[in-house]
1. Within the range B:108-128, count every residue that is at the interface with chain A (Cβ under 9 Å from one of its Cβ atoms) and either outside any helix (DSSP H, G or I) or of a type outside the set (A, V, I, L, M, F, W, C) (or both).
2. Assuming residue B:131 fulfils every condition listed in (1) modelled with pLDDT under 80; (2) surrounded by 12 or more Cβ atoms within 10 Å (Cβ to Cβ); (3) more than 8 Å from every other protein chain (Cβ to nearest Cβ) apart from one, which condition is it?
3. Could you list, in sequence order, all residues of the range A:50-64 that are among the aliphatic types (A, V, I, L, M) and either at pLDDT below 90 or more than 12 Å from residue A:118 (Cα to Cα) (or both)?
4. If you go through the range B:223-239 one residue at a time, do you hit one that is within 14 Å of another protein chain (Cβ to nearest Cβ), polar (S, T, N, Q), crowded, with 23+ Cβ neighbours inside 10 Å and over 30 Å from residue B:124 (Cβ atoms)?
5. Going by the conditions given, is residue A:181 in contact (Cβ under 8 Å) with a residue 12 or more places away in the chain, surrounded by fewer than 23 Cβ atoms within 10 Å (Cβ to Cβ) and out of contact with any helix residue (DSSP H, G or I) (no Cβ under 7 Å at 6 or more places or on another chain)?
6. Going through B:96, B:105, B:69 one at a time, which residue ends up being over 30 Å from residue A:256 (Cα atoms) and part of a helix (DSSP H, G or I)?
7. What about residue B:180, is it in contact with a Leu (Cβ under 7 Å, 6 or more places away or on another chain) and surrounded by fewer than 17 Cβ atoms within 10 Å (Cβ to Cβ)?
Amino acid sequence: MKISPNLAVLFMVASAALLALGPFVLPPFYVRVGQLMLYSAGLAVAWTILGGFAGYASFGHSAFIGVGAFAAGLVEARFSGVAPPLLLLLGLAVGGICCAVLSAAISYPILRLRGTFFAIAMLGVSHVCAELNNNVDFFEGSLGLNFPAVAPKNIEPATFFYWLYLLAALVVLLIAWQIRRSRFGAGLLSIREDEDTARMLGVPTERYKRMAFVISAVLTGQLGVIYAHSLGYITTESVYRDDTNLSLIVYSLLGGMGTLFGPVIGAFMLVFITQVILGRLLDFHLFATGLLLVILVLAAPGGVLGLVRTFRLGRRRAAAPAE
Amino acid sequence: MNLIAQTLADGLVLGGIYALAAVGFSLIFGVLHVINLSHGILVLLGAYLALIFSKALSIDPLLTLPLVMAVLFAVGYVYQRFLIQHAVDRSQLGSMLLTFGVALMLQNIMIWVFSPDMKNITPSWAFTSFHLGAVNFDAVRVSALFASLVLLCCLALLLKFSALGRVIRATAQQTMAARLCGVNVRHVYALTFAVSAAFAGAAGIIIGIILPFSPSDEATWTLNAFVVVVLGGVGSPAGALLGGLLLGMVSTLTAQYIGPSFPNVTMFLLLVLLLLVRPTGLLGNAFSASR
């Protein structure tokens with residue numbers, strides 16, 4: 001399926017404009033759901049830069065959400081006199097830098113692992129970060145951190161964060177799209193398909209993997225900073241969440257692993273299912289998520305986009321009978 | 001001196017249990033190349049079954065061991081044959097996520113059935129203890145360690161000398177060659193899974209005797225099993241024992257000398273360190289399967 005870049009940009013701008021109208025027409029509950037959808041979509045695309053393109057599925061990206069959020073919160077608390085919008089930018093910068101440093105440092109041992117070993121080692125990283133955050137007094141993880149209100153006075157906070165998430169998701173999508181189109185992106189795909197061969201053919205696999213890891217971590221961390229601001233108050237448990245770790249994989253799996261728009265579709269679908277359809281059945285939540293996972297793996301390993309693709313292929317075959 | 005001897009003794013006991021809890025995970029990974037994220041839930045299932053059986057039959061929880069192992073053997077066989085087999089030959093990530101989905105569902109069911117509260121099956125004789133030199137041993141912990149070691153030896157002998165063990169090892173080494181020699185690989189996969197589940201259940205009983213447990217503990221036991229396997233090496237009881245003892249020592253020493261909330265941190269630091277200096281695990285080839 002080939003879409004010309006211009007058409008893709010047009011489509012993205014159009015759908016973004018449509019989504020931006022959301023807060024004007026939706027009831028408050030759905031604005032909240034919309035926020036969560038856009039936040040999840042942003043995270044899912046940030047995850048897919050490493051997990052989908054390079055095939056390094058991380059099971060611990062909540063580490064970066066947490067590190068970004070706490071780094072931003074701790075720094076912002078020391079600059080309480082600054083104007084709120086600047087404070088948010090400061091938080092984004094600090095959160096991004098901290099995630100970049102952390103991910104670059106752990107990339108050396110961690111990226112030596114492949115496949116499921118990498119996935120679970122990342123889970124370990126997220127647990128270690130969460131425990132350090134919770135137990136070292138300096139980070140105030142168990143007490144919790146307050147975030148200043150950054151929404152301008154004349155805009156409803158819910159609407160403001162909805163737009164902010166939309167903007168963030170678009171930026172992440174744009175970055176991922178540019179990566180996908182570039183030589184770097186082609187290198188990442190070659191790593192996913194066969195890392196040893198790619199290396200033999202001269203792809204700088206180590207450098208590319210590390211770059212993808214750092215970019216993915218920074219974007220995830222910055223989304224975490226926005227998330228923390230929209231919550232207003234965070235503890236360790238509210239940002240280092242194992243269900244986030246899992247969801248990030250499920251978004252891609254649901255939408256289509258390795259594709260650009262698959263994670264967005266997956267995130268929208270899963271958030272809608274869990275928040276709107278299962279919203280009143282909290283006891284049933286784990287079970288439903290588990291069942292969804294099992295069905296997905298067994299019935300649709302390619303996700304929604306995979307199903308679409310097989311459907312089109314089938315039609316094309318039907319249209320042109322075998323020679 | 002006293003304190004360090006006591007800490008090391010506690011670490012030994014804990015390590016034996018870690019080893020038993022991890023050996024099934026290691027076996028499944030070595031033979032099927034599946035990361036079984038529902039391993040922890042199978043461990044807990046063993047503990048809860050022991051709770052039910054020991055209440056229903058009013059016997060000591062340790063005596064329910066054969067019964068629990070038999071039930072979990074059957075559960076493991078069916079689980080592998082009807083669910084995991086469909087994902088085994090596709091992608092590793094797929095089978096891993098499948099087991100994770102099952103773990104979530106079972107955890108939810110456990111919360112419905114047994115409530116999310118802590119339970120325990122500590123037997124009446126749990127609080128007797130004896131001294132060896134200056135070191136204090138609880139009867140319950142020593143019997144737990146003893147049971148773990150016996151079970152690990154049984155598994156090692158089973159793998160080494162029985163016909164089933166030979167077939168399992170052959171399948172692990174060269175699936176294709178084993179198939180050519182007439183091994184029914186699907187059946188062996190299912191049997192391997194069944195044996196692993198049975199040992200997970202046994203570990204559950206022993207854990208339940210020492211520590212209280214709740215449905216949300218499953219992730220801890222899965223992660224522990226993973227770390228043990230990475231430390232020790234894949235697929236052998238000896239590797240699991242080495243990894244388990246190492247992990248047990250490290251966590252008790254950390255809890256004693258650094259702080260009670262840091263064992264996981266040191267555990268994963270150790271893991272990362274080991275990956276740097278010896279990326280294949282201490283014994284054997286932990287990472288060949290990941291490449």
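The values are calculated or read from the model by the stated rules, or taken from the named source; none is laboratory data. Please read these numbers as outputs of a predicted model, since none were measured by experiment. Heads up, the Cβs are rebuilt from the backbone with ideal geometry, glycines too, and the neighbour counts pull from every protein chain shown.
1. Going residue by residue through the range B:108-128, those that are at the interface with chain A (Cβ under 9 Å from one of its Cβ atoms) are B:108-109, B:111-112.
In the following step, the residues that additionally are either outside any helix (DSSP H, G or I) or of a type outside the set (A, V, I, L, M, F, W, C) (or both) were identified as B:108.
Summing the residues that are at the interface with chain A (Cβ under 9 Å from one of its Cβ atoms) and either outside any helix (DSSP H, G or I) or of a type outside the set (A, V, I, L, M, F, W, C) (or both) in the range B:108-128 gives 1.
2. (2)
3. If we filter the range A:50-64 for residues that are among the aliphatic types (A, V, I, L, M), which is where we start, we get A:50, A:54, A:57, A:63.
The answer is A:54, A:57, A:63.
4. In the first step, residues of the range B:223-239 are kept if they are within 14 Å of another protein chain (Cβ to nearest Cβ); the result is B:223-231, B:233-234.
Subset that is polar (S, T, N, Q): B:224.
Okay, now just the ones that are also crowded, with 23+ Cβ neighbours inside 10 Å, so B:224.
Restricting the remaining residues to those that are over 30 Å from residue B:124 (Cβ atoms) gives none.
Checking the range B:223-239: not a single residue is within 14 Å of another protein chain (Cβ to nearest Cβ), polar (S, T, N, Q), crowded, with 23+ Cβ neighbours inside 10 Å and over 30 Å from residue B:124 (Cβ atoms).
5. Details: in contact (Cβ under 8 Å) with a residue 12 or more places away in the chain: yes; surrounded by fewer than 23 Cβ atoms within 10 Å (Cβ to Cβ): yes; out of contact with any helix residue (DSSP H, G or I) (no Cβ under 7 Å at 6 or more places or on another chain): yes.
So residue A:181 passes the test.
6. Values: B:96 fails: over 30 Å from residue A:256 (Cα atoms); B:105 fails: over 30 Å from residue A:256 (Cα atoms).
The conditions single out B:69.
7. Working: in contact with a Leu (Cβ under 7 Å, 6 or more places away or on another chain): no; surrounded by fewer than 17 Cβ atoms within 10 Å (Cβ to Cβ): yes.
No, not satisfied.
Here is a yes/no grid of residues against (1) within 14 Å of chain A (Cβ to nearest Cβ); (2) under 30 Å from residue B:268 (Cα atoms); (3) surrounded by fewer than 21 Cβ atoms within 10 Å (Cβ to Cβ):
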{"residue": "B:161", "(1), (2), (3)": "no, no, yes"}
{"residue": "B:196", "(1), (2), (3)": "no, yes, no"}
{"residue": "B:200", "(1), (2), (3)": "no, yes, no"}
{"residue": "B:208", "(1), (2), (3)": "no, yes, no"}
{"residue": "B:219", "(1), (2), (3)": "yes, yes, yes"}
{"residue": "B:246", "(1), (2), (3)": "no, yes, no"}
